[in-house]
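The next block holds one structure in the form of structure tokens; read it before the comments.
What follows is calculated from the coordinates using simple rules that are stated; it is not laboratory data. A quick note: this is a predicted structure, and the numbers were derived from the prediction, not measured. Reconstructed Cβ throughout: ideal geometry from the backbone, glycine too, with neighbour counts over all protein chains shown.
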Protein chains: 2
Amino acid sequence: MSDTGSQPAHQAGRSLDPHLGRYAARTAGMTASEIRALFAVASRPEVVSLAGGMPYLSALPLDSLAADVGQLVATEGLTALQYGSAQGTVELREQICEVMALEGITAHPDDVVVTVGSQMGLDMVTRVFCDPGDVVLAEAPSYVGALGTFSAYQAQVVHVEMDDAGLVPEALRQALAAVRAQGRRVKFLYTIPNFQNPAGVTLSVQRRSEILEICAQHDVLVVEDNPYGLLGFDGQTYPALRSVEPTNVVYLGSFSKTFAPGLRVGWVLAPHAVREKLVLAAESATLCPPAFTQAVVSRYLSQHDWKGQIKTYREAYRERRDATLAAMEQQLPAGCTWTKPQGGFYVWLTVPEGLDTKAMLPRAVTQRVAYVPGTAFYADSFGSRQMRLSYCYPTPERIREGVRRLAAVLEGELELLHTFGTVSHRRLSGAQTPTPDTA
Amino acid sequence: MSDTGSQPAHQAGRSLDPHLGRYAARTAGMTASEIRALFAVASRPEVVSLAGGMPYLSALPLDSLAADVGQLVATEGLTALQYGSAQGTVELREQICEVMALEGITAHPDDVVVTVGSQMGLDMVTRVFCDPGDVVLAEAPSYVGALGTFSAYQAQVVHVEMDDAGLVPEALRQALAAVRAQGRRVKFLYTIPNFQNPAGVTLSVQRRSEILEICAQHDVLVVEDNPYGLLGFDGQTYPALRSVEPTNVVYLGSFSKTFAPGLRVGWVLAPHAVREKLVLAAESATLCPPAFTQAVVSRYLSQHDWKGQIKTYREAYRERRDATLAAMEQQLPAGCTWTKPQGGFYVWLTVPEGLDTKAMLPRAVTQRVAYVPGTAFYADSFGSRQMRLSYCYPTPERIREGVRRLAAVLEGELELLHTFGTVSHRRLSGAQTPTPDTA
């Protein structure tokens, strides 16, 4: 979580910043959210944070990793500590193709670009495709970090409805028609088909072909973001959109959830011509991804039982998902509804009408539980009755305690609502983005 | 060096790319250079590459580093492998302030942003400040990677003359006036004051205040890029521009040349309000820099004699500089002139009139010596009589052999010129950018 200072700096900055007249137009929209200050409080140990998307790293075999990484420095240090290729090492790109094969993808290592986390992949794809004013379609709700990147390139997000089977094809058709009717250009559909962040739902297999066909018909690229695909709780996987349609899909992958996010190793798989542009864009962004972290991942994949580790993670997250859903069922007040994730990190909770999840966050943090308000996951003003709960990091016991506290907060809010007909809060203003994922 | 495939893919891409109509306007300028293919050849062991800017990592104590990094994973793995702050760890930012103090900078860790190499710092600064069409002033010649970044944001570079004492103040005044007369906006001056890449010259101490005053008078920010400042061959340092003027300078630093580039750890030191924007920009670009590589650098700085290591590097590079200059003096044909670097990695060579360094590169590579043609370091069409020679990586013996081969190439070209009045070459077209630094 970012520490952006304790004062409401975006306001102070507005009036005192001597550089104010110098910024680019895109920078005007970059303002820190007031809820960041709350998340700084939420990181205190006494708070049960259901806000963050931090993987449960205690499941990693640190001692054998330590030995491996030490050996890496001793034997391959001269290359692992040196500049490398902007596209990433051949060895890792080959291994990445093996990882993607688990979800049905056939790919050539030459079409893979290693990035500094999948977030950089998203940034590069947006850089290559989006002019200011271009439209990006995204699920409603969508990943907060993606919304931030689209905004940084002054692209405009149009949300497309989801249900329990993921993106709704008819809603996609309507969104495409509506944008076209406005004379605007859709550059791509951004979608997280598996165990979506934040909604926790998965695009049904039947809909996958349909979504791809609609996009092909409308000459719209598909950007498939798939960090959670191998974390299905029953070991199930779904055919990647890229496996169905190789020429019109740009695929984003990551080792952050299947291994470790602190290495920041992700990748993009793209049609060849697009891949060339991405490499040039990446080169101007970071010269090359760290050779060292790539070498660590390569060694991990070749020396460790990485599939066994994914199974370990999966079981840990299933236990936490179970604890979360059971606690919600038992404790949340009537009128609450939520999704039932079959994998991944997140549950999407809708609270009774009249409540506002962003407005009540300070009260929740005071009562030592944190979540991310739903508004963070919309580029428009929706989501005020929703919140994202992450069960990936806390123990099941802490999760139960967190849900108990959350239930108490909700009960308190409902009591106010029923007594006074309204819930009075100091309104929070400012942009709605917490630190993505790491919040 | 990037492997962008063996076929002239930017040409194939032009005609066959089905995504051609989808790219952003900024992407049109992203084309791979034909000289990349040459650099792929130049990386063969039989070629003496005076092209790359790769540090001489054999000087590192790999065994003790290995032990340290292993211990890091075993004892701090849970944080070093986890998501971190978008701004970078507090520990590393404090250490960075100690490093900067060596060049007279007084700074607070809160104003430091850790980046994925200094290249990402450059990308973030350009993102925050530059709208398409904005002007960036840069030395003539300037760092190829910076030119690539400015181009990616559609900023326009106006070069300012340098001499042996660095940027010429009067030329800076004229450039500012000329841009203003055209009704365009200069967003910042980009300068590498110490042991400049590619020219190898250093801005004199007397000129530093003058340059800062001119920029302040014209309300132009200064972006100071200082990767080589601690690599002065006599152990000398110069006062950083940031140490003279804290409020109008954004400073870029890097561990790539003083420790190891494969970790990709750099930083930006910026006035507080700018720092806030940079953190938000960085978050949308990569979420956070790798916690792991930051932890490796922090441990290195706290456990190793890092100042002693810089001295070791400095001595290795001084020996190579000496070998380079001596060989050039003895072997290059009359009419060649070159700079005399007092630190850093590079010599800037001007060849006799009538020769074209880009056109003759294929012949040089055939004769097993590589360099970077001068045109790579200009945003306009200058530099055809110049080349950058890097002495950082090859041994002194290899350097002597490389310069001997280069001298033979130049003699051959001059002979053709004198015999036929012209040097006939297959002209190289395409963008002029090799892979920056790693080429």
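With only Lys, Arg, Asp and Glu charged, each at its Cβ (+1 for the first two, -1 for the last two), find how big the charge dipole of the range A:82-303 is about the Cα centre; round to the nearest 20 debye. Write out the running numbers ahead of the final one.
Numbers: 15 positive and 23 negative charges, 86 e Å.
Computed charge dipole of the range A:82-303: roughly 420 debye.
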Sorted shortest first, the nm distances from the B:SER302 label point (7 Å along Cα→Cβ) to its counterparts in the other copies are 3.2
In this structure, the FRET efficiency calculated for B:ARG173 and B:GLN236 from their beta-carbon separation, with R0 = 25 Å, to the nearest 0.05, is 0.30
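Counting Lys +1, Arg +1, Asp -1, Glu -1, what net charge surrounds B:GLU413 among other residues with beta carbon under 10 Å of its beta carbon?
-2
Restricting to the range A:82-175, what percent of DSSP beta bridges are antiparallel, rounded to 5?
25 percent
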Here, the protein assembly as shown modelled as identical Cα point scatterers in vacuum has Debye log10 I(q)/I(0) at q = 0.05, 0.06, 0.09, 0.10 Å⁻¹ of -0.27, -0.39, -0.88, -1.09
Measuring from its Cα centre, the protein assembly as shown shows a charge dipole (+1 at each Lys and Arg Cβ, -1 at each Asp and Glu Cβ) which, in debye to the nearest 20, is 700 debye
For the range B:301-375, averaging the sequence separation of alpha carbon pairs under 8 Å that lie six or more residues apart and dividing by its residue count, the contact order in percent is 20 percent
For the pair B:ALA28 and A:ASP380, the simple spin-label estimate (label points 7 Å beyond Cα toward Cβ) gives in nm 3.3 nm
Distances in nm between the label point of A:SER64 (7 Å along Cα→Cβ) and its equivalents in the other copies, shortest first, are 3.2
Expected response for nearest chain A Cβ to the A-B rotation axis, distance in whole Å, is A:GLY70, 1
Residues B:VAL99, A:VAL135, A:VAL90 in order from fewest to most other beta-carbon atoms within 10 Å are A:VAL90, B:VAL99, A:VAL135
Plugging the Cβ-Cβ distance of B:THR312 and B:LEU20 into 1/(1 + (r/R0)^6) at R0 = 45 Å yields, to the nearest 0.05, a FRET efficiency of 0.35
With +1 at each Lys and Arg Cβ and -1 at each Asp and Glu Cβ, the charge dipole magnitude of the range B:209-259 around its Cα centre, to the nearest 20 debye, comes out at 260 debye
One would report the antiparallel percent of DSSP beta bridges in the range B:82-303, rounded to the nearest 5, as 40 percent
Label points for A:PRO132 built 7 Å along Cα→Cβ; distances to same position in the other copies, nm, shortest first, come to 0.9
Partner shielding of B:180-187, as the mean number of partner chain Cβ atoms within 10 Å, equals 1
Dividing the mean separation of Cα pairs under 8 Å (6+ apart) by the residue count of chain A yields a relative contact order in percent of 25 percent
Summing +1 per Lys or Arg and -1 per Asp or Glu among the other residues with Cβ less than 14 Å from A:LEU241's Cβ gives -4
The residues A:GLU76, B:GLU411, sorted from fewest to most surrounding Cβ atoms within 10 Å, come out as B:GLU411, A:GLU76
Taking A:285-295, B:325-335 and ranking on average Cβ neighbours within 10 Å, highest first, one gets A:285-295, B:325-335
When chain A is treated as a Gaussian network with springs between alpha carbons less than 10 Å apart, the largest mean-square fluctuation among A:THR115, A:THR191, A:THR366 is found at A:THR366
Asserting the computed 222 nm helical MRE of chain A (DSSP H runs at least 4 long, -39500 (n - 2.57) per run, divided by residue count, to nearest 500) equals -13500 deg cm²/dmol
With a Förster distance of 45 angstrom and the Cβ-Cβ distance between A:GLN182 and A:GLU415, calculated FRET efficiency to the nearest 0.05 equals 0.50
Footprinting proxy, A:ASP131, A:ASP380: sorted fewest to most Cβ within 10 Å, the residues are A:ASP380, A:ASP131
XL table B:LYS187/B:LYS311; B:LYS187/B:LYS340; A:LYS257/A:LYS340; Cα-Cα > 26 Å flagged, in table order, is B:LYS187/B:LYS311; B:LYS187/B:LYS340
Simple spin-label estimate for A:GLU213/B:HIS304, 7 Å along Cα→Cβ, in nm, reads 5.9 nm
Surrounding charge for A:GLU213, neighbours by C-beta under 14 angstrom, Lys/Arg +1, Asp/Glu -1, total -1
Quick shape check on chain A: root eigenvalues a ≥ b ≥ c of the Cα gyration tensor, a/c under 1.5 is rounded, otherwise prolate if a/b tops b/c, else oblate, and it reads rounded
Relative contact order of the range A:82-303 (C-alpha contacts under 8 Å, at least 6 apart) in percent is 30 percent
per DSSP, antiparallel bridges as share of beta bridges in the protein assembly as shown, % nearest 5, sits at 50 percent
